[in-house]
Structures are given as structure tokens and as C-alpha cells.
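Nothing in this text is a laboratory measurement; each read-out follows from the coordinates by a stated rule. Fair warning: this is a prediction, and the values are worked out from it, not measured in the lab. With ideal geometry, Cβ positions are generated from the backbone for all residues, glycine too; neighbour counts draw on all protein chains shown.
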Amino acid sequence: LKSDVLKEGLEVGKYNVAHAGAFGFLFGTVYLAPHMHNFYLVTASWPVPLRILVNSLIIDPMNYSAAMSINAVAHGEGLAQGFATVETKLLGTIKTGLAVWPAAQVINFYFVPLHWRVLFFNS
């Protein structure tokens with residue numbers, strides 16, 4: 001996916017619609033929504049602390065890696081650049097995520113009905 005549109009983008013004001021659209025479709029629609037939907041279905045009967053632990057230590061790093069890689073592809077930089085970004089930024093991103101997402105997941109798992117959890121997660 002290294003077309004001229006992805007490399008150059010399609011500027012609308014200060015926003016690059018081609019990059020945002022490619023990332024949103026590839027990451028949000030193709031990867032994240034089905035991935036998290038299935039995670040929530042499979043783990044629905046697990047104790048909440050276990051769900052948060054698995055989400056924080058396994059699922060989140062996978063999601064961060066996918067986001068970084070797909071972002072590079074969406075910007076026309078290629079998958080190799082995405083992997084390089086993962087190498088340099090993943091650990092810091094995981095540390096930051098651990099400061100935020102466990103608390104958000106407590107809310108998600110205790111108060112949000114199963115069929116709304118992906119939407120809560122994405123907001």
C-alpha cells in the first residue's frame with residue numbers, strides 16, 4: 001500500500017483525509033473492532049481482575065504494535081518503518097497505557113454492557 005495518495009495524502013484544511021481514512025479503515029475496521037469484539041466475548045465469564053491483567057499485558061501491546069505498524073502503512077511509509085516505530089516506542093507506550101487503561105477497563109468491565117464494550121473502548 002504505497003500509493004501516491006498515501007504518500008502525498010489528500011489535504012483538507014490542516015487534515016490529511018487519505019491518511020486518516022486509511023488508518024481508520026485498516027486499524028479500526030479491519031483489525032481493532034473484530035479483535036476487541038472477540039476478546040470481550042471470550043473473556044466475558046472471566047473474573048474482572050484477570051480480564052484487566054490479560055488486556056493490559058497481552059492485548060494492549062498487540063493493539064499498540066498494530067496501531068504503530070498500520071499508521072506507517074497508512075502514511076505510505078511501509079511496514080518496515082512501522083516495525084521500526086514499534087521497536088523504539090512500544091515500551092514507553094505500554095508504560096503510559098498502564099497508567100490509564102486499567103482504570104478505564106474497570107469502568108468498562110463493571111458498568112458497560114457487553115454489547116457496548118467495544119464502543120466504550122474506542123471512545
Return the label of the correct value of Rg and Dmax of the Cα atoms in Å, as calculated from the structure shown, out of (i) 18.2, 72; (ii) 16.0, 48; (iii) 48.2, 148.
(ii)
Between T96 and M62, what length comes free when the chain is fully extended (0.36 nm per residue of separation minus the Cα-Cα distance, one decimal in nm)?
10.8 nm
What number, rounded to the nearest 500 deg cm²/dmol, is the helix-based mean residue ellipticity at 222 nm of the chain, given -39500 (n - 2.57) per DSSP H run of at least four residues and division by all its residues?
-21000 deg cm²/dmol
Going by average Cβ density within 10 Å per residue, which order do the peptides 15-28, 88-101 take, highest to lowest?
15-28, 88-101
Packing-based order for 108-114, 54-60, using average beta carbon neighbours within 10 Å, highest first
54-60, 108-114
If you take the beta carbon distance between E77 and T29 as r and set R0 to 22 Å, what does 1/(1 + (r/R0)^6) give as a FRET efficiency, to the nearest 0.05?
0.60
Extending each Cα 7 Å along its Cβ direction at L114 and N38, get the distance between those two points in nm, one decimal.
1.7
